[in-house]
Amino acid sequence: MKERLEQLKQEALTEIDQVNDIQALTAVKVKYLGKKGPITEVLRGMANVSAEERPLIGKLVNEIREEIERGLNLKETAIKNKALEEKLEKETIDVTLPGKPISQGNRHPLTKVIEEIEDIFIGMGFEVAEGPEVESDYYNFEALNLPKEHPARDMQDSFYITEEILMRTHTSPVQVRTMLNKKGNVPVKIICPGKVYRRDDDDATHSHQFIQIEGLVVDEKITMTDLKGVLLNFAKKMYGEHAKIRLRPSFFPFTEPSAEVDVSCMMCGGDGCRTCKNTGWIEILGSGMVHPKVLEMAGYDPEKFSGFAFGMGVERIAMLKYGIDDIRHFYTNDLRFLDQFKRV
């Protein structure tokens with residue numbers, strides 16, 4: 001019996017030494033230590049062994065079993081270590097190669113232009129005021145000298161929620177709310193950035209949603225000269241010290257007199273080119289002196305106080321600043337377009 005057990009041990013250890021993968025090693029384990037293996041058969045036959053030899057044979061069987069299990073464990077570890085080494089060798093990383101660049105985002109070009117405009121006007125003593133995008137008909141139209149059925153409303157057709165609630169068509173309601181909150185006190189000197197909505201057909205220069213920044217100044221002895229000085233300073237800060245502006249007569253229900261404001265073409269310096277249609281000028285915003293009725297409805301005596309207001313589309317300012325030919329580029333989230341502004 002002892003010789004048989006020693007022979008089984010040697011056979012098992014020899015086979016363990018020869019296998020090279022886990023599957024084959026498992027087969028050896030089942031062969032010698034499984035339920036139908038020779039070691040198990042010896043243990044089942046212990047009843048046939050004499051009482052004197054049984055303890056010795058039992059001890060020997062356990063020692064051989066432990067030795068075979070030890071050999072199996074060592075071989076399993078060796079196989080796994082070898083597999084790991086081969087895998088690491090195949091997946092070696094060349095640390096001398098340059099690393100892959102990490103793509104970083106950047107602020108949207110419209111955000112940059114809004115912040116730049118705000119900085120310019122804050123530098124001139126203006127404050128930033130904001131208001132709701134869902135507005136009442138009164139603040140959006142009536143308080144701005146646009147009563148119901150006024151034909152000028154057609155130019156600012158909006159998205160209506162009810163007959164009296166709509167998506168604002170400009171940020172002028174913020175000016176009205178600010179004046180009412182001031183309760184007749186001066187000075188009022190604010191800019192109002194925010195989204196506005198109009199029922200326009202989307203094309204290269206129009207969008208049903210865009211960003212507007214309006215400005216308002218109310219105080220004693222405010223004149224058209226003050227308006228022109230503020231806008232000229234804005235144009236020089238935004239487009240360069242060489243920039244010039246001109247005011248052309250226009251009509252807005254909430255200002256009187258009113259003016260469209262042009263800036264000298266930044267492409268040709270005012271000489272005339274395709275961008276400015278050979279005029280030397282490009283329209284950038286509308287402006288005017290606050291209408292006396294608007295002042296009166298907001299609680300200001302138009303005989304004592306006066307003011308000016310202006311409004312610009314941020315997209316148009318950005319298109320002129322960066323030479324962009326289609327407003328839709330701002331909203332399509334094309335990374336090829338947006339990545340250009342990482343360096344701006």
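The values are calculated or read from the model by the stated rules, or taken from the named source; none is laboratory data. Just so it is clear, the structure is predicted and the values come from calculations on it, not from any experiment. Please note: Cβ atoms are built from the backbone with ideal geometry, for glycine as well, and neighbour counts cover all protein chains shown. Areas reflect the complete protein model, heavy atoms only, side chains present, ligands, DNA and RNA absent. Shrake-Rupley method; radii C 1.70, N 1.55, O 1.52, S 1.80 Å.
Counted residue by residue at 0.36 nm each, then reduced by the alpha carbon distance between them, the extension gain from LYS244 to GLU127 reaches 39.6 nm.
Accessible surface area normalised per residue over the range 1-120 is 73 Å², counting heavy atoms of protein chains with a 1.4 Å rolling probe. Per residue, the accessible area of the range 149-302 comes to 50 Å², computed with a 1.4 Å probe over protein heavy atoms only. Would you please classify the overall shape of the range 280-336 from the alpha carbon gyration tensor, given that a ≥ b ≥ c denote the square roots of the eigenvalues, rounded means a/c under 1.5, and beyond that prolate means a/b larger than b/c while oblate covers the rest? Prolate, because a/c is 1.5 or more and a/b exceeds b/c. In degrees, nearest 10, range 0 to 90: what is the angle between the Cα axis of helix 224-239 and the longest Cα principal axis of the chain? The two axes meet at around 30 degrees. Taking packing as the residue-averaged number of other Cβ atoms within 10 angstrom, the listed peptides 23-34, 228-239, 147-158 run from highest to lowest as 228-239, 23-34, 147-158. For the chain, the antiparallel share of DSSP beta bridges with both residues in that region comes to about 95%.
Taking Rg/Rh (Cα atoms, Kirkwood Rh) straight from the coordinates, which label in [x] 1.05; [y] 0.95; [z] 1.57 is the correct one? Only one listed value fits the structure, namely [z]. Take every Cα pair under 8 Å whose residues are at least 6 apart in sequence, average their separation, divide by the length of the chain, and the relative contact order is 14 percent. Protein heavy-atom surface of the chain, 1.4 angstrom probe: 51% of the accessible area is carbon and sulfur, with nucleic acids and ligands not counted. Using a probe of 1.4 Å on the protein chains alone, the accessible area found for ASP21 is around 70 Å². Residue pairs exceeding 24 angstrom between C-alpha atoms, taken from LYS148/LYS189; LYS183/LYS221; LYS148/LYS293; LYS112/LYS189: LYS148/LYS189. Extension gain for the segment GLU86 to GLU149, taken as residue separation times 0.36 nm less the Cα-Cα distance, is 14.4 nm to one decimal. With everything on Cα atoms, drop me the angle between helix 109-122 and the longest principal axis of the chain, reported from 0 to 90° to the nearest 10. Result, in degrees: 50.
With respect to the chain, whose longest principal axis is taken over its alpha-carbon atoms, helix 172-182 is tilted by about 80°. Dipole magnitude for the chain: computed about the Cα centre from +1 point charges on Lys and Arg Cβ and -1 point charges on Asp and Glu Cβ, it is near 800 debye. By the rule of a second cysteine Cβ within less than 4.7 angstrom, the chain holds isolated cysteines at CYS192.
Only helices enter the 222 nm calculation for the chain: every DSSP H run of n ≥ 4 contributes -39,500 (n - 2.57), and dividing by all residues gives -12500 deg cm²/dmol, rounded to 500.
Across the range 39-184, Cα pairs under 8 Å and at least six residues apart give a relative contact order of 16 percent. The aspartates and glutamates within cross-link reach of LYS80, meaning a Cα-to-Cα straight distance under 12 Å and a gap of 8 or more places when in the same chain, are ASP21.
The modelled label-to-label distance for the pair THR40/HIS108, using points 7 Å beyond Cα in the direction of Cβ, is 7.0 nm.
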